[in-house]
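The values are calculated or read from the model by the stated rules, or taken from the named source; none is laboratory data. Computed from a predicted structure; not experimentally measured. Note that we place each Cβ from the backbone using ideal geometry, even for glycine, and neighbour counts take in every protein chain shown.
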């Protein structure tokens, strides 16, 4: 049985120290990472195109409408 992946998004609200990697106001897809979450981090694909863990307080999680979530998931 295939497990359904929940797609989550967050907006960057603090890029201090990571100006080249994160853009304030940009929407990022959160990648599932239970280990990172247990330490207060979220994993996202940053401006380098690679996925990294960042402190979760650098981001504001948001709910996006289903149709937009689908479109963003295809684009990313």
Filtered residue count, region 6-27, keeping only those that are in contact with a strand residue (DSSP E or B) (Cβ under 9 Å, 6 or more places away or on another chain) and within 17 Å of residue 40 (Cα to Cα): 7
Within region 49-57, can one find any residue that is assigned to a helix (DSSP H, G or I), touching a helix residue (DSSP H, G or I) at 6+ places or on another chain (Cβ under 8 Å) and either modelled with pLDDT of 90 or more or surrounded by 11 or more Cβ atoms within 10 Å (Cβ to Cβ) (or both)? yes
Tell me yes or no: at least one residue of region 31-45 is part of a helix (DSSP H, G or I) and either within 12 Å of residue 9 (Cβ to Cβ) or within 10 Å of the chain's Cα centre (by Cα) (or both). no
Residues that are under 19 Å from residue 32 (Cβ atoms), modelled with pLDDT under 80 and outside any helix (DSSP H, G or I), drawn from region 63-76: 76
Exactly one condition in (1) loosely packed, with under 14 Cβ neighbours inside 10 Å; (2) at pLDDT 90 or above is not met by residue 41; state its number. (1)
Just a yes or no: is a residue in region 24-35 in contact with a helix residue (DSSP H, G or I) (Cβ under 9 Å, 6 or more places away or on another chain) and modelled with pLDDT of 95 or more? no
May I ask you to verify whether residue 60 is within 11 Å of the chain's Cα centre (by Cα), part of a strand (DSSP E or B), exposed (fewer than 15 other Cβ atoms within 10 Å of the Cβ) and at pLDDT 95 or above? yes
